[in-house]
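Rule-based calculations on the coordinates, nothing more; no lab input. No experiment lies behind these values; they were computed from the predicted model shown. Don't worry about glycine lacking a Cβ; one is built from the backbone with ideal geometry, like all the others, and counts go over all protein chains shown.
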């Protein structure tokens, strides 16, 4: 427990604090929270209690995390703390409460030994100062399916079935597990999260219908129909595939929904959908956004967990202005495998910890950060080798929101 000079106390929450945490969440996220919803979150964060800020007996801030396992480039996995439900009361802004909460919370994460801490950011300007960098990128696209015709060379593998999602749970969970194991940034999805997806409560449908489901032996789609200003829309909530055939087959089925005018979905940067159509312009990007943010808690453990695309011998200086968890690290890569140790040698590259977090899953380029003066390299060849080594053969993608 810690108490600041202005009387704000930071401590671990008890069971008796949950009603006040729930009220704070409702106010900060503008969403009523039922008893069932609160019970769901209490199960998810059951590893350790939330950390709260109190002004007297009033809860004015909170942070908590979900124990997770995340895939990294090359198919390995690491433990991660999934930070969630971070709140500071609107009555207590600009008093250092978030920093105090995060200082206590990250000390606990460090003690746990988890190499990564991850989150999703409602505001993009907050978390860089705490060493987090946006590590996955997606684009929201809209396709006018009335004019979408397959390219003459596009495959037509078939194999898609229409299902009621709750009645085909094993098909969904099997594909997700295989997809997650090969996708950087994807988290293991626990049964409690699947339970909530298949319960499909009306209050969580965002104005759409109940879920419709399409399944293939190597993929699935969950989507809803919503009414738009210009006609009916199929809003894809989730599409997961473990091969090109499943991807092509499921998109053929989605674009064959005759009573739908548009299909909306989130795609990763290298998704081949535009090239499956005779007119790729029909895949119109309406927004581009980050999803998963990464802070590397233990640099050697994190860098040794993933694989790399070329051999490398560099000394990297990582600066961490929040917890002073950086330093200089000798990174040696042979045949994709890394050894990373602390060193006092002169660095070949210098970058902040948030930049390393953005590079970690392969979704961003070192050369782009160098062009923005956020990464320094001793010479162009060093930058080129570092940039290509940190790439990934598969787009990074967050598995599920938290």
Normalised by the number of residues in the stretch 298-389, what is the relative contact order in percent for Cα pairs under 8 Å and 6+ residues apart? 28
Could you list 127, 275 in order of exposure, starting from the residue whose Cβ has the fewest other Cβ atoms within 10 Å? 275, 127
Taking the reciprocal of mean 1/r across every pair of different Cα atoms in the stretch 137-290, the Kirkwood radius in Å is 16.0
For the stretch 11-54, just say rounded, prolate or oblate: build the C-alpha gyration tensor, square-root its eigenvalues into a ≥ b ≥ c, call rounded for a/c under 1.5, and beyond that prolate if a/b exceeds b/c, oblate if not. oblate
Using a 10 Å cut-off on Cβ atoms, rank the peptides 283-289, 393-399, 223-229 from the highest mean neighbour count down. 393-399, 223-229, 283-289
What percentages, rounded to whole numbers, describe P(r) for the stretch 298-389 computed over all alpha carbon pairs with 10 Å bin width beginning at zero? 17, 58, 25, 1
Distance between the stretch 190-205 and the stretch 316-391 - C-alpha centres, whole angstrom: 40
Classify the stretch 69-143: rounded, prolate or oblate, from the alpha-carbon gyration tensor (a ≥ b ≥ c, eigenvalue square roots; a/c under 1.5 rounded; otherwise prolate if a/b is larger than b/c)? oblate
How large are Rg and Dmax for the stretch 2-114 when calculated on the C-alpha trace, in angstrom? 14.8, 49
State, as an integer percentage, the relative contact order of the stretch 137-290 based on alpha-carbon contacts under 8 Å between residues 6 or more apart. 42
How high is the relative contact order of the stretch 43-110, in percent, with contacts defined as C-alpha pairs under 8 Å that are six or more residues apart? 30
Of the listed values (i) 20.6, 73; (ii) 20.4, 62; (iii) 22.6, 70, grab the one calculated as Rg and Dmax of the Cα atoms in Å from the structure here. (iii)
Listed residues 391, 128, 47; largest mean-square fluctuation, Gaussian network over the chain with Cα springs below 10 Å, found at 47
